[in-house]
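**Q** I am attaching a structure below and will ask some questions about it afterwards.
The values are calculated or read from the model by the stated rules, or taken from the named source; none is laboratory data. Predicted model only: the values in this text are computed from it and were never measured. Methodologically, a virtual Cβ is constructed for each residue, glycine included, from the backbone with ideal geometry; neighbour enumeration extends over all protein chains shown.
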Amino acid sequence: MRLTNYSDYALRLLMYAAVRHDTSVTIMEVSKAYGISKNHLMKVAHALALAGFLETTRGRNGGLRLAKLAKDINIGQVVRFTEADSALVECFDPATNTCVITRACRLRLVLRQALEDFFKRLDRCTLADLVTDQRSVRELLIAKS
């Protein structure tokens, strides 16, 4: 399984906000810290806010903050949200499946179980788990921005 850049950016944005939980963060500082396009991050931040993972404040002193405590943000939920179409192979979607061996193929079952296992593992992880060494993560990120 490979996550999209969208998911990667979402997780990085949330991690940045988690280590800077004492203040609002801006798209520009996150963009500089990670070397990610500001425009891409704006789209990601907007979606994360709509989903209830981030709070946004407009204006001169505006920015982004976590909408809940890092320990209450489940990584499995975030990745399910950002990877809405997590079909690994075409046969996962009956509407678009054209594979001629689907009825006899066992690969689909193995891949479906692997995907379920992947999400089960992510479900056991929170945002707080990803930034347990907040000081080190913060130092690395701040040095870049």
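**Q** Tell me, yes or no, whether region 121-131 has at least one residue that is surrounded by 14 or more Cβ atoms within 10 Å (Cβ to Cβ), in a loop (DSSP other than H, G, I, E, B) and touching a residue at least 24 places away in the same chain (Cβ under 8 Å).
**A** So far as region 121-131 goes, yes, one or more of its residues are surrounded by 14 or more Cβ atoms within 10 Å (Cβ to Cβ), in a loop (DSSP other than H, G, I, E, B) and touching a residue at least 24 places away in the same chain (Cβ under 8 Å).
**Q** For region 63-97, what are the residues that are modelled with pLDDT under 85 and either in a loop (DSSP other than H, G, I, E, B) or under 30 Å from residue 30 (Cβ atoms) (or both)?
**A** Those that are modelled with pLDDT under 85 and either in a loop (DSSP other than H, G, I, E, B) or under 30 Å from residue 30 (Cβ atoms) (or both): 84, 85, 86, 87, 88, 89, 93, 94, 95, 96, 97.
**Q** Go through region 10-42 and give me each residue that's part of a helix (DSSP H, G or I) and either in contact with a Ser or Thr (Cβ under 7 Å, 6 or more places away or on another chain) or free of Cβ contacts under 8 Å to residues at least 24 places away in the same chain (or both).
**A** 10, 28, 29, 31, 32, 33, 38, 39, 41, 42 - these are the residues of region 10-42 that are part of a helix (DSSP H, G or I) and either in contact with a Ser or Thr (Cβ under 7 Å, 6 or more places away or on another chain) or free of Cβ contacts under 8 Å to residues at least 24 places away in the same chain (or both).
**Q** Sticking with this structure for a sec: When the residues of region 5-40 are narrowed to those that are polar (S, T, N, Q) and closer than 19 Å to residue 73 by Cβ, which ends up modelled with the lowest pLDDT?
**A** Only one residue tops the list, namely 23.
**Q** Is it true that some residue in region 51-68 is under 15 Å from residue 131 (Cβ atoms), free of Cβ contacts under 8 Å to residues at least 40 places away in the same chain and not hydrophobic (A, V, I, L, M, F, W, C)?
**A** yes
**Q** Can you tell me which residue among 46, 40 is within 15 Å of the chain's Cα centre (by Cα) and over 20 Å from residue 127 (Cα atoms)?
**A** Answer to the selection: 40.
**Q** In region 112-141, how many residues are at pLDDT below 95 and either among the small types (Gly, Ala, Ser) or touching a Pro at 6+ places or on another chain (Cβ under 6 Å) (or both)?
**A** Of the residues in that region, 2 qualify.
**Q** Just the residues that are of a type in the set (S, T, N, Q) and touching a Ser or Thr at 6+ places or on another chain (Cβ under 7 Å), please, taken from region 43-72.
**A** Passing the criteria: only 57.
**Q** Take the residues of region 43-78 that are over 12 Å from residue 14 (Cα atoms) and among the β-branched types (Val, Ile, Thr): which is surrounded by the most Cβ atoms within 10 Å (Cβ to Cβ)?
**A** Selected residue: 56.
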